[in-house]
Amino acid sequence: MTTGDVAIRVKDVSHQFGEPGDAFHVTALQKTSLDIQRGELLCLIGPSGCGKSTLLNMIGGLLAPTSGTVEVGSKPVRGPLPRDIAFVFQENALFPWCSVIENVKLGMMFQGAPKAEQEDRARKALEAVGLKDFMAHYPAQLSGGMRQRAALARALSLETEILLMDEPFGALDEQTRMILGEDLSVLLSSTDKTIVFVTHSLGEAVFLADRVAVFSARPGSIKEIISIDEPHPRKPGFVTTEKFSQLRNTLYGLLHEEIRKAVAQTVMAGPLT
């Protein structure tokens, strides 16, 4: 991988919450390094509390590392980069009093996109996620999966090169997650976006990712990176193949011990006071 291929570079990053000596001082992430290639979908997977979302927030400029550096496009990240990076969170964060297309346009307004472009970009983004016929609907009139599609459309309309997704399908039922995953794979094959995707689902990671970074229990660090050598768009039948099962089993084997450690940490810590 040459320097020109790297969209995001994480070098020796650590993050601590609280000050040393405080009752709630926690090292969430320690000495983590990672190069994310332009145009790839990288999944972050690991036990709860291992620093996956912390790393995602540092890449997006929402959180500063305690030590180490994060670079996007060879430039240090020193704060949010709305022209370069868009987020999709587990909660869709749609404004209930705005229609679907108005919610999408609001994202561009906050980004500072030219007003003359907003309508066209919003319509194209909604069409890309299959919501062309629901632009005038309000969030309460949509299913959970449709609301998450609207949130994805809002992120796509920003036309950033990087998309950060923090368990975006985590609150949805398994069938809806599967369909949205298929659609995201199609989207990846038709764009050159770099996507970093946090998930707790082994199957979701195998189905979506070009690579999967497996994290250790807290303090988190990357235990191993697994490559998924399967072209996008991924076909639904991929989940029934021996290759899919083997990759999922490999992830399970890497995670099992770390999840045990994370559970033990929680038990030892006891209830918060």
- Is it fair to say Leu172 is in the same structural domain as Glu40 (by TED's automatic domain parsing), under 18 Å from the mean Cα position of the chain (by Cα) and crowded, with 17+ Cβ neighbours inside 10 Å? yes
- Query: Inside the range 47-101, can you point out the residues that are of a type in the set (Phe, Trp, Tyr) and within 13 Å of the chain's Cα centre (by Cα)?
  - Reply: Phe87, Phe89
- Note on the structure: Checked the range 212-243 for anything buried (at least 16 other Cβ atoms within 10 Å of the Cβ), closer than 16 Å to Leu55 by Cα and touching a strand residue (DSSP E or B) at 6+ places or on another chain (Cβ under 8 Å); matches are Val212, Ala213, Val214, Phe215, Ser216, Arg218, Pro219, Gly220, Ser221, Ile222, Lys223
- Item | Members of the range 108-166 found to be among the aromatic types (Phe, Trp, Tyr) and assigned to a helix (DSSP H, G or I), listed by number | Phe110, Phe134
- Item | Residue tally, condition at pLDDT below 80 and either touching a strand residue (DSSP E or B) at 6+ places or on another chain (Cβ under 8 Å) or not aliphatic (A, V, I, L, M) (or both), over the range 252-273 | 5
- Note on the structure: Looking across the range 17-36 at residues that are at pLDDT 90 or above, within 24 Å of Leu81 (Cβ to Cβ) and surrounded by 16 or more Cβ atoms within 10 Å (Cβ to Cβ), the single one that is nearest to the chain's Cα centre (by Cα) is Ile36
- Query: Filtering the range 56-76 down to residues that are within 20 Å of Ala155 (Cα to Cα) and touching a Pro at 6+ places or on another chain (Cβ under 9 Å), which residue is surrounded by the fewest Cβ atoms within 10 Å (Cβ to Cβ)?
  - Reply: Leu62
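The values are calculated or read from the model by the stated rules, or taken from the named source; none is laboratory data. These figures come from a predicted structure and were not determined experimentally. Neighbour counts run over all protein chains shown; Cβ positions are idealised from the backbone, glycine included.
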